[in-house]
Amino acid sequence: MNGFDLIRSAIGNSLRSKTRTVLTVIAIFIGAFTLTLTSGVGTGINDYIDSTLSSIGASDVMSVTKTPADAQNDGPVEYDPDSSTVESDRPAGGDIEAITSTDLDTLAAVPGVLSVEPAVSVRADFVQYDGGTRYQSAIGELVPGMSLELAAGEQPDASASDDQIAIPQSFVEPLGFADDADAIGKTLTIGITDAQGTQSTIDATIVGVSEPGLVGGTSAAPNTALLDALHQTQSVGLTEKAAQTYASATVRFDPDATDAQIATLKADLKAAGYDGVTVEDQIGSFKTVIDAIILVLNGFAVIALLAAGFGIVNTLLMSVQERTREIGLMKAMGMSGGRVFGLFTIEAVFIGFLGSAIGVVIGMLAGTLANSVLSGGLLSALPGLSLVAFDPVSLGVIVLTVMGIAFLAGTIPALRAARQDPITSLRYE
Amino acid sequence: MPVPILAARDVRKSYGRGPTRFDALKGVSLDIVEGESIAIVGKSGSGKSTLMHLLALLDQPSSGVVELNGRDAAGLRGSNLNTTRNQTFGFVFQQFFLTPGASVLDNVTLPLKIAGVRGAERRRRGMAALAQLELADKAKNKATDLSGGQKQRVVIARALVNDPSVIFADEPTGNLDTATGAVVEDILFDLNRSTGITLIIVTHDEELAARCDRRVYIRDGLVVDEATSAHHDAHRGHGAHAGAAEQPADGDGEVAA
Ligand SMILES: Nc1ncnc2c1ncn2[C@@H]1O[C@H](COP(=O)(O)OP(=O)(O)OP(=O)(O)O)[C@@H](O)[C@H]1O
Ligand SMILES: [Mg+2]
């Protein structure tokens with residue numbers, strides 16, 4: 001029997017007992033459908049993170065902190081009167097060792113580092129427009145090179161000498177603007193308290209309104225001039241040493257650096273006693289969590305598929321049983337055991353293909369439907385996020401995996417059929 | 001004496017082991033010459049089918065030798081064995097063994113499909129075999145929709161389609177009424193006469209056996225008697241023995257295709 005006839009016969013055989021085939025196909029369909037949706041959610045969210053990441057830009061900067069001494073050994077750390085700490089407002093970090101101007105020089109000397117800037121962090125008391133209500137607002141640590149997703153206006157100009165700021169979209173109405181465009185060009189008053197407890201205000205021009213997103217969506221983003229002004233005001237009353245300590249520094253490297261080069265840079269920083277984290281690393285940890293969740297969901301779908309695999313074993317064992325005499329006849333007519341094996345495994349693979357192809361197609365339809373429902377409702381706060389996205393490679397992998405499982409399941413009945421003795425089969429009643 | 005196309009040399013076959021061991025054949029020797037028609041006759045359970053399966057190389061003897069064209073068939077393995085089964089033998093079983101859902105033509109061309117013959121060629125040869133058995137108009141029908149006699153003719157067409165040199169028929173008329181049975185018998189003997197195809201018929205029907213050139217009687221796994229039809233022998237004298245070698249090259253010989 002040639003390959004073409006073998007495939008045709010196998011497909012013909014699978015359609016002979018329709019009910020049984022349909023039931024098995026449904027079992028596979030359920031698994032493939034689930035797998036399509038779970039992997040679609042994985043793709044969707046990761047795509048969103050990726051696009052957010054690329055819209056942020058800043059792929060050539062690294063945030064550097066001093067490696068805490070206790071990172072190396074678990075025991076208590078001896079007190080060192082020369083090392084100073086920064087009181088940090090980061091919730092998880094606790095006290096971290098401060099970066100001083102000496103550190104900045106050390107960092108600048110690390111090979112691969114193009115420039116070093118201290119990361120200035122300021123805490124404003126309030127923001128206010130035209131004497132209206134005062135609102136609390138975080139002032140973002142806008143990493144140089146980072147780009148905001150803007151609803152109106154433009155990005156604060158880092159090199160401009162006047163004070164500029166971009167406000168989050170959610171502040172537009174409370175501050176008293178008619179709409180996003182109305183806020184552009186208006187003056188925002190920022191209240192800030194210095195180290196001596198004196199409150200003063202600084203005015204800045206609103207140049208942009210930022211969209212809510214995964215990062216930087218809820219804090220106001222100042223340009224360098226404004227940030228420096230705020231920092232200076234905040235540092236009034238501090239000793240020079242205290243004023244010139246920072247929680248972290250921002251290091252720029254070659255934008256064309258490869259992953260390996262970035263890794264080398266991190267290793268060099270580590271050797272010098274610093275931890276370097278790129279924006280991608282920070283967001284990458286989101287992806288790790290999402291990937292883990294998707295993995296667990298996919299695991300459930302695969303379990304469903306394994307159960308469906310036993311369905312295939314059962315279906316084909318029944319059809320081997322039913323076709324005992326036919327198999328005997330074909331063997332008596334000179335069909336080799338290998339071809340008989342092929343006949344049944346191809347049938348299994350075909351059933352697997354049917355179930356998975358239908359599952360993938362319906363899964364895509366359901367995902368598209370879910371997207372259009374969710375983007376208008378639950379997920380409207382995250383524009384640009386389509387919860388379920390499909391990439392042809394992973395859909396192909398799903399179909400191939402299911403066909404592989406079906407093949408494995410098919411080998412059990414196929415081996416039984418291939419080993420059948422023609423005489424015994426012909427005598428079978 | 002020409003080399004027999006098939007021969008059994010002291011063939012024994014036992015089933016099972018230990019206390020349940022059963023000797024179905026207890027030392028059978030037999031020569032079958034190309035072009036003859038031979039009946040294997042015996043009561044139920046005497047070992048007729050067992051002997052036929054051994055001669056058709058569907059099973060191996062427990063001891064003894066089955067020879068095909070003078071050579072020990074035990075040497076045939078794997079694809080050689082499959083090719084021999086496919087090209088040299090045609091089978092007509094007591095049950096029809098037709099695939100129910102498939103068309104008459106598909107059933108008939110099954111041996112060609114197994115041989116790997118391409119679709120168009122398969123169709124052509126299948127239709128020729130059906131035409132030979134006057135069933136061409138039923139080619140597209142489902143096999144299940146035919147009468148018993150028609151089914152048996154389909155089975156014969158299937159046995160012939162690969163142009164075999166030997167046809168094995170196990171109780172070919174056992175399922176049919178006398179009149180239909182007679183028609184099927186006529187077809188088989190006509191083929192034997194016109195194309196020189198070797199006919200090996202297993203039966204317990206004395207009348208059918210009487211139409212064969214030779215009868216071998218089996219009881220409890222042993223050959224107890226052999227008889228040669230006087231008039232058949234005279235008739236076949238030229239056909240079977242003198243003409244055995246030339247027969248396949250004969251113009252008529254190709255009609256079976
Ligand atoms: N696989 C087997 N296991 C055990 N015994 C078997 C097996 N196959 C056949 N036999 C026995 O061998 C003997 C001969 O069987 P065989 O089928 O050759 O009989 P038969 O002459 O063809 O009979 P019938 O005319 O009824 O078809 C029987 O007694 C049968 O029970
Ligand atoms: Mg029998």
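Evaluate the following for residue B:136: is it exposed (fewer than 14 other Cβ atoms within 10 Å of the Cβ), over 24 Å from residue A:319 (Cβ atoms), more than 17 Å from the chain's Cα centre (by Cα) and away from chain A (no Cβ under 12 Å)? Before you say what the answer is, go through the steps one by one.
Working: exposed (fewer than 14 other Cβ atoms within 10 Å of the Cβ): no; over 24 Å from residue A:319 (Cβ atoms): yes; more than 17 Å from the chain's Cα centre (by Cα): yes; away from chain A (no Cβ under 12 Å): yes.
So residue B:136 does not fit the description; no.
Among residues of the range A:332-358 being at the interface with chain B (Cβ under 8 Å from one of its Cβ atoms) and assigned to a helix (DSSP H, G or I), the one that is surrounded by the fewest Cβ atoms within 10 Å (Cβ to Cβ) is A:339. In summary, residue B:74 fulfils each of the numbered conditions (1) at negative phi; (2) more than 16 Å from ligand 2 (Cβ to nearest atom); (3) among the aliphatic types (A, V, I, L, M); (4) part of a loop (DSSP other than H, G, I, E, B) with the single exception of condition (4). Among all residues of the range A:45-54, there is none that is free of Cβ contacts under 8 Å to residues at least 24 places away in the same chain, within 14 Å of chain B (Cβ to nearest Cβ) and not charged (D, E, K, R).
Wholly within the range A:144-216, which strands (runs of 3 or more DSSP E) include no fewer than the required count, namely at least 2 residues that are under 27 Å from residue A:51 (Cβ atoms)?
Working: elements: A:150-153, A:164-168, A:187-193, A:199-210.
Strands (runs of 3 or more DSSP E) meeting the threshold: A:150-153, A:164-168, A:199-210.
The set of residues in the range A:261-282 that are farther than 14 Å from residue A:111 by Cβ and in a helix (DSSP H, G or I) comprises A:279, A:280, A:281, A:282.
Looking at this structure, is residue A:391 acidic (Asp, Glu) and more than 14 Å from chain B (Cβ to nearest Cβ)? Judged against the criteria, residue A:391 is a match.
For the range A:194-232, the set of residues classified as polar (S, T, N, Q) and touching an Asp or Glu at 6+ places or on another chain (Cβ under 6 Å) consists of A:223 only. For the range B:20-33, state whether one or more residues are in a helix (DSSP H, G or I), surrounded by fewer than 22 Cβ atoms within 10 Å (Cβ to Cβ) and within 16 Å of ligand 1 (Cβ to nearest atom). Yes: the range B:20-33 contains one or more residues that are in a helix (DSSP H, G or I), surrounded by fewer than 22 Cβ atoms within 10 Å (Cβ to Cβ) and within 16 Å of ligand 1 (Cβ to nearest atom).
Would you call residue A:37 in contact (Cβ under 8 Å) with a residue 40 or more places away in the chain, more than 14 Å from every other protein chain (Cβ to nearest Cβ) and surrounded by fewer than 17 Cβ atoms within 10 Å (Cβ to Cβ)?
On the way: in contact (Cβ under 8 Å) with a residue 40 or more places away in the chain: yes; more than 14 Å from every other protein chain (Cβ to nearest Cβ): yes; surrounded by fewer than 17 Cβ atoms within 10 Å (Cβ to Cβ): no.
When the stated conditions are applied, residue A:37 does not pass them.
Evaluated against (1) away from ligand 1 (no atom under 12 Å from the Cβ); (2) of a type in the set (A, V, I, L, M, F, W, C); (3) farther than 18 Å from residue B:168 by Cα, residue B:6 falls short on exactly one condition, (3).
Among the residues that make up the range B:209-228, is at least one of them modelled with pLDDT under 85, outside any helix (DSSP H, G or I) and surrounded by 22 or more Cβ atoms within 10 Å (Cβ to Cβ)? Yes: one or more hits. Does residue B:3 satisfy being of a type in the set (Val, Ile, Thr), modelled with pLDDT under 85, more than 30 Å from residue A:4 (Cβ to Cβ) and away from ligand 2 (no atom under 16 Å from the Cβ)? Considered against the rule, which asks whether it is of a type in the set (Val, Ile, Thr), modelled with pLDDT under 85, more than 30 Å from residue A:4 (Cβ to Cβ) and away from ligand 2 (no atom under 16 Å from the Cβ), residue B:3 comes out as yes.
If only residues of the range B:42-59 that are within 12 Å of ligand 2 (Cβ to nearest atom) and aliphatic (A, V, I, L, M) are counted, the one that is nearest to the chain's Cα centre (by Cα) is B:52.
Please pick out the residue among A:278, A:315 that is among the polar types (S, T, N, Q) and more than 22 Å from residue A:355 (Cβ to Cβ). Write out each step before concluding.
On the way: A:315 fails: more than 22 Å from residue A:355 (Cβ to Cβ).
Only one candidate passes the filter, namely A:278.
If you scan the range B:38-56, which residues turn out to be in contact (Cβ under 8 Å) with a residue 24 or more places away in the chain and outside any loop (DSSP other than H, G, I, E, B)? B:38, B:39, B:40, B:41, B:42, B:48, B:49, B:50, B:51, B:52, B:54, B:55, listed by residue number. Scanning the range B:163-203 for residues that are acidic (Asp, Glu) and either within 16 Å of ligand 1 (Cβ to nearest atom) or under 20 Å from residue B:68 (Cα atoms) (or both) turns up B:163, B:170, B:171.
For the residues A:350, A:341, the requirement of being closer than 24 Å to residue B:82 by Cα and either over 33 Å from the mean Cα position of the chain (by Cα) or within 16 Å of ligand 1 (Cβ to nearest atom) (or both) singles out A:341. Select from the range B:77-99 the residues that are within 16 Å of ligand 2 (Cβ to nearest atom) and modelled with pLDDT under 85 and list them in ascending order. Scanning the range B:77-99 gives B:93, B:94, B:95, B:96. Counting the residues of the range B:62-83 that are under 19 Å from the mean Cα position of the chain (by Cα) and within 16 Å of ligand 1 (Cβ to nearest atom) gives 1.
Restricting the first member to the range B:108-124 and to residues that are over 16 Å from residue B:143 (Cβ atoms) and within 10 Å of chain A (Cβ to nearest Cβ), and the second to residues that are assigned to a helix (DSSP H, G or I) and of a type in the set (A, V, I, L, M, F, W, C), the beta-carbon pairs closer than 7 Å and six or more apart or on different chains are B:114/A:330; B:122/B:112. Close contacts from the range B:82-98, counting a first residue that is without any contact (Cβ under 8 Å) to a residue 60 or more places away in the chain and a second that is basic (Lys, Arg) and within 16 Å of ligand 2 (Cβ to nearest atom), with Cβ to Cβ under 9 Å and a gap of 6+ residues or different chains, come to B:97/A:325.
Looking at the range A:305-329, which of the residues that are within 12 Å of chain B (Cβ to nearest Cβ) and assigned to a helix (DSSP H, G or I) is surrounded by the fewest Cβ atoms within 10 Å (Cβ to Cβ)? Please lay out each step first, then the result.
Of the residues in the range A:305-329, the ones within 12 Å of chain B (Cβ to nearest Cβ) are A:322-329.
Next, only the ones that are assigned to a helix (DSSP H, G or I) stay: A:322, A:324-329.
Working: A:322: 13, A:324: 19, A:325: 18, A:326: 20, A:327: 24, A:328: 22, A:329: 25.
Going through the qualifying residues, I end up with A:322.
Checking each residue in the range B:37-54 for being more than 8 Å from ligand 1 (Cβ to nearest atom) and more than 14 Å from chain A (Cβ to nearest Cβ) picks out B:37, B:38, B:39, B:40, B:41. Give the residue that is surrounded by the most Cβ atoms within 10 Å (Cβ to Cβ), with candidates limited to residues of the range B:56-84 that are more than 14 Å from chain A (Cβ to nearest Cβ) and of a type in the set (D, E, K, R). Of everything passing the filter in the range B:56-84, B:67 is surrounded by the most Cβ atoms within 10 Å (Cβ to Cβ).
Using the structure shown, decide if residue B:100 is surrounded by fewer than 22 Cβ atoms within 10 Å (Cβ to Cβ), more than 16 Å from ligand 1 (Cβ to nearest atom) and closer than 25 Å to residue A:419 by Cβ. Judged against the criteria, residue B:100 is a match.
Residues of the range A:267-301 being more than 20 Å from the chain's Cα centre (by Cα), in contact (Cβ under 8 Å) with a residue 12 or more places away in the chain and within 21 Å of residue A:64 (Cβ to Cβ), which ones?
A:268, A:269, A:270, A:272, A:273, A:274, A:275, A:276
Considering only residues of the range A:229-248 that are at pLDDT 85 or above and of a type outside the set (S, T, N, Q), which is farthest from the chain's Cα centre (by Cα)? So the residue we want is A:229.
The values are calculated or read from the model by the stated rules, or taken from the named source; none is laboratory data. Given the structure is predicted, the values throughout are model-derived calculations rather than measurements. Cβ: placed from backbone, ideal geometry, glycine included. Neighbour counts: every protein chain shown.
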